[in-house]
Amino acid sequence: MKNLQRCLAENQIQPHTPSRQGAALQLSTTVLHAAGYRTRGAAHHWTTFAVLAEIMGSEQAGRARYFNACRSKRNVTDYDRAGSTSEGAVTELIREVEEFKDDVIAWLARYHPDLMPG
């Protein structure tokens, strides 16, 4: 959790990373770890998004489905059709990740204030 605290303190969890979906996964993994869970093995990215609403609340269910759909699309574009992601889709993903980042920080502050930077 020290890495999370450092990233939050330095505002390093950025949605404008080369892998925007990676930022969504990083934030989702932060939530899982804060709640005391870990994923491993096959389909661990899918699992991370699948349990997000259970941990943060049902209002995150749509976003979790969206991030998982982006994960699936990324797999296709990475291996089958490079360059097939539209600029509009990227802009939407950036907006969703930015909003999610705010939600994660608020959730951490409410339920795990000890993980927030001093």
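The values are calculated or read from the model by the stated rules, or taken from the named source; none is laboratory data. Since we're looking at a predicted model, the values are computed, not measured. So basically every Cβ, Gly included, is an ideal-geometry build from the backbone, and we count neighbours across all protein chains shown.
In region 52-61 there is no residue matching the filter, namely being at pLDDT below 90, exposed (fewer than 14 other Cβ atoms within 10 Å of the Cβ) and not in a helix (DSSP H, G or I).
Conditions (1) closer than 19 Å to THR29 by Cβ; (2) surrounded by 16 or more Cβ atoms within 10 Å (Cβ to Cβ); (3) modelled with pLDDT of 90 or more; (4) of a type outside the set (Asp, Glu), marked per residue:
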{"site": "PHE67", "(1), (2), (3), (4)": "yes, yes, yes, yes"}
{"site": "ARG71", "(1), (2), (3), (4)": "yes, yes, no, yes"}
{"site": "ASN75", "(1), (2), (3), (4)": "yes, no, no, yes"}
{"site": "ASP80", "(1), (2), (3), (4)": "no, no, no, no"}
{"site": "GLU87", "(1), (2), (3), (4)": "no, no, no, no"}
{"site": "PHE100", "(1), (2), (3), (4)": "yes, yes, yes, yes"}
{"site": "VAL104", "(1), (2), (3), (4)": "yes, yes, yes, yes"}
{"site": "TRP107", "(1), (2), (3), (4)": "yes, yes, yes, yes"}
{"site": "PRO117", "(1), (2), (3), (4)": "yes, no, no, yes"}
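Being modelled with pLDDT under 90 and not acidic (Asp, Glu) is the requirement here; does LEU8 meet it? In short, yes. Can you tell me which residue is modelled with the lowest pLDDT among those in region 18-51 that are part of a loop (DSSP other than H, G, I, E, B) and loosely packed, with under 14 Cβ neighbours inside 10 Å? The residue in question is PRO18.
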